[in-house]
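The values are calculated or read from the model by the stated rules, or taken from the named source; none is laboratory data. Owing to the predicted nature of the structure, the values given are computational and were not obtained by experimental measurement. Cβ sites come from the backbone with ideal geometry, for glycine too, and all protein chains shown count toward neighbours.
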Amino acid sequence: MHMGQELCEPEKASLICRLLCQSPPGEFGQVVQDLSALVQDDKLVRQEAARVGACHNKNNFTPIEINRHTVLLTHYNDLGGNRFFDPQDKLSFEFDHLCGVTSKPQLHGVMLDEAELWREALHKGLKAYVSSHFPDGNCCVFKKSLGKRHMFVACIEAHQYQPSNHWNGLWKSDWTFALTPFTTQVTGLFLLQLHYFKDANLHVTVSKSVTETLNVIDQSQFATDFVKFVKVEDTRFHIAILENAQALSEDIWGKNLRRKLPVTRTFMNWNKLLKVQHLKTNVSDTEVPPCLMKHTT
């Protein structure tokens with residue numbers, strides 16, 4: 001943007017929209033505040049934020065509290081007009097994406113048929129798994145009817161937003177399959193997003209898709225097998241991320257240091273080392289680094 005040239009309103013709106021779309025998970029509100037201060041046009045920023053905020057929340061499976069339980073905002077339970085469907089309480093509600101509040105709840109009729117009983121069994125099994133394996137995890141199972149065919153989408157969201165420690169992270173996955181006799185193909189999609197912003201601006205995005213065929217006999221059996229499948233794939237994805245992070249760390253430390261360090265993987269007390277050296281060479285204490293460094297080469 002050319003600082004000496006004033007942008008017209010459509011250009012400002014386009015720029016605001018692009019910046020808002022890049023907001024990392026957990027930071028949308030802060031980006032809105034920063035843009036308001038920079039643009040000096042609160043009405044325009046809020047107008048774009050209300051529009052982009054809907055996509056941001058649905059893309060990130062944003063969890064909200066309603067009637068003392070958690071519902072995820074997703075594309076799968078979006079009714080249009082900023083209204084969403086809660087499959088557990090069988091009601092719909094309006095959500096203000098800018099203020100983050102719910103309103104106008106009303107009953108949303110759902111036929112208690114066989115497909116709904118399957119959905120409830122899946123939700124119960126998945127919720128137990130997520131509650132025991134994610135520190136701050138949430139899940140929802142949604143049902144879609146395509147003629148006589150019933151499709152299910154199970155969504156998992158887990159996040160750690162710690163702006164005071166200069167990092168935010170989101171783990172999400174969705175699992176899609178049809179209710180068909182004997183077997184069904186389950187397709188899962190993982191997405192991990194991390195943002196670290198202390199003395200740096202590091203964005204990490206990792207995605208993976210998986211597919212598996214599961215047997216379909218009855219509700220209890222399938223719910224159990226489905227949760228086992230999700231657990232196995234979650235673990236594989238988690239291990240792969242840790243291994244890649246370790247390999248990257250070792251590559252950086254091993255190849256990019258100015259001089260090679262001994263492979264000890266132990267903490268070295270630099271303060272003690274340099275103070276001993278100070279006694280021998282009268283090195284000033286002001287040159288002693290105040291922290292410990294770990295060798296990881």
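Structure data summary
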| item | result |
| --- | --- |
| Some residue of the stretch 191-198 being surrounded by 10 or more Cβ atoms within 10 Å (Cβ to Cβ), at pLDDT below 60 and either part of a loop (DSSP other than H, G, I, E, B) or in the same structural domain as F134 (by TED's automatic domain parsing) (or both) | no |
| Considering residues of the stretch 230-247 that are surrounded by 11 or more Cβ atoms within 10 Å (Cβ to Cβ) and of a type in the set (A, V, I, L, M, F, W, C) only, the residue farthest from E120 (Cα to Cα) | A245 |
| Test: residue in the stretch 108-120 that is in contact with a strand residue (DSSP E or B) (Cβ under 7 Å, 6 or more places away or on another chain), part of a strand (DSSP E or B) and of a type in the set (D, E) | no |
| Residue check, L91 touching a residue at least 60 places away in the same chain (Cβ under 8 Å) and under 30 Å from D218 (Cβ atoms) | no |
| Residue match in the stretch 170-184 (condition: assigned by TED's automatic domain parsing to the domain that holds F229, over 26 Å from S220 (Cβ atoms) and in contact (Cβ under 8 Å) with a residue 60 or more places away in the chain) | yes |
| Of all residues in the stretch 199-229 being more than 30 Å from Q22 (Cβ to Cβ) and of a type in the set (A, V, I, L, M), the one that is surrounded by the fewest Cβ atoms within 10 Å (Cβ to Cβ) | I217 |
| Criterion violated by Y129 - all others in (1) more than 24 Å from the chain's Cα centre (by Cα); (2) not in a loop (DSSP other than H, G, I, E, B) satisfied | (1) |
| Subset of the stretch 173-182 (residues that are in contact with a helix residue (DSSP H, G or I) (Cβ under 9 Å, 6 or more places away or on another chain) and within 14 Å of Y76 (Cβ to Cβ)) | S173, W175, F177 |
| Test: residue in the stretch 33-56 that is hydroxyl-bearing (S, T, Y) and farther than 22 Å from F142 by Cβ | yes |
| Residue ID - surrounded by the most Cβ atoms within 10 Å (Cβ to Cβ), chosen from residues in the stretch 106-151 that are at pLDDT 90 or above and among the hydroxyl-bearing types (S, T, Y) | Y129 |
| Candidate set from the stretch 23-65 (those that are at positive phi and touching a residue at least 60 places away in the same chain (Cβ under 8 Å)); member that is surrounded by the fewest Cβ atoms within 10 Å (Cβ to Cβ) | G26 |
| Subset of the stretch 165-186 (residues that are under 30 Å from K144 (Cβ atoms), surrounded by 13 or more Cβ atoms within 10 Å (Cβ to Cβ) and not hydrophobic (A, V, I, L, M, F, W, C)) | G169, K172, S173, D174, T176, T184 |
